[in-house]
Structures are given as structure tokens and as C-alpha cells.
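The values are calculated or read from the model by the stated rules, or taken from the named source; none is laboratory data. Nothing here was measured: the structure is a model prediction, and the numbers come from that model. For neighbour counting, all protein chains shown are included, and Cβ atoms are generated from backbone atoms with ideal geometry for every residue, glycine included.
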Amino acid sequence: MPSVLGFLGHREPVFGFGKNVFAKSVENWAVNYYGGFQFFQGDYLLQLNNATAAALYNFKTDPLLKNNLLGTAPGKVKAMEQFLKAFIQQYHNRLIQNRLLPPAP
């Protein structure tokens, strides 16, 4: 939704689970779920399995995801894991409370 609104020229703040991919000043990241959560941020991919970090890859230099960096970059894992868990919690809380959309004016 933020990308569509940005493309259409909407300039007001928007709450959405995503970002405007056309914005130049925003760091690239994405979250998806495929048997577990995956969080892409910059050059890295963090995979969670049952709320525990299972793998960290530099997908730009390792596109086949063969070199798990989990034990070699604990600071990166912790920062990415905290962001992803906060994102998941925010989504679940808003889903439970029926607040995925902003209140109507």
C-alpha cells in the first residue's frame, strides 16, 4: 500500500506494513513467511524458526544461501531479530485488536 500511494503522489503519512519502494531515503527491507519468517535487510537475510534465529545469509554474495553466517555475526543477528520480532508483534497486536487500518476521519 505505501508504494501504491507513493506512486500516486500521496504525501500524507500512512500507517502500513510495508514501505514505499519508490522512496530514495528509506533502507530496503522486506518480511515474508514461508514455513518461517524471513527478514531481508540491506544485503542480509535472517530466517526465524519458531521465534529463534535459524540462519543469516548475505544473499548478495551468497545467492544460493549456502554459507550460514549465524555464528559469525551475533550483533547483526540480534539487531535484525529484534526488528523482526517487533514487526511481527505489532502486526499480531493490530490484527487481534482489529486495528490494521487507521481510524476513519
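Residue 35 passes all but one of (1) in contact with a strand residue (DSSP E or B) (Cβ under 9 Å, 6 or more places away or on another chain); (2) on the phi < 0 side of the Ramachandran plot; (3) loosely packed, with under 12 Cβ neighbours inside 10 Å; (4) part of a loop (DSSP other than H, G, I, E, B); which number fails?
It is condition (2) that residue 35 fails.
May I ask you to say which residue of 6, 18 is modelled with pLDDT under 90, touching a strand residue (DSSP E or B) at 6+ places or on another chain (Cβ under 9 Å) and farther than 16 Å from residue 85 by Cβ? Outline the logic, then answer.
Details: 6 fails: touching a strand residue (DSSP E or B) at 6+ places or on another chain (Cβ under 9 Å).
Within the list 6, 18, the selection yields 18.
Just to verify a result, which residue in the range 1-40, among those that are over 25 Å from residue 93 (Cα atoms) and of a type in the set (D, E, K, R), is farthest from the chain's Cα centre (by Cα)?
Looking at the filtered set, the residue picked out is 11.
How many residues does the range 51-105 contain that are under 16 Å from residue 37 (Cα atoms) and either small (Gly, Ala, Ser) or surrounded by fewer than 11 Cβ atoms within 10 Å (Cβ to Cβ) (or both)?
10
Identify the single condition in (1) assigned to a loop (DSSP other than H, G, I, E, B); (2) at negative phi that residue 18 does not satisfy, given that it satisfies every other one.
(2)
Against the condition among the small types (Gly, Ala, Ser) and in contact with an Asp or Glu (Cβ under 7 Å, 6 or more places away or on another chain), how does residue 30 come out, does it pass?
It is false that residue 30 is among the small types (Gly, Ala, Ser) and in contact with an Asp or Glu (Cβ under 7 Å, 6 or more places away or on another chain).
Could you grab the pairs with beta carbons closer than 9 Å, sequence gap of 6+ or different chains, first residue in the range 1-25 and of a type in the set (Val, Ile, Thr), second one in a loop (DSSP other than H, G, I, E, B)?
Close Cβ pairs satisfying both conditions: 4/10; 4/20; 14/1; 14/20; 14/102; 21/28.
Looking for whichever is closer than 28 Å to residue 101 by Cβ and assigned to a strand (DSSP E or B) here; the options are 55, 30, 23, 86. Which one fits? Show your work before the answer.
On the way: 55 fails: closer than 28 Å to residue 101 by Cβ; 23 fails: assigned to a strand (DSSP E or B); 86 fails: assigned to a strand (DSSP E or B).
Sole residue among the options that is closer than 28 Å to residue 101 by Cβ and assigned to a strand (DSSP E or B): 30.
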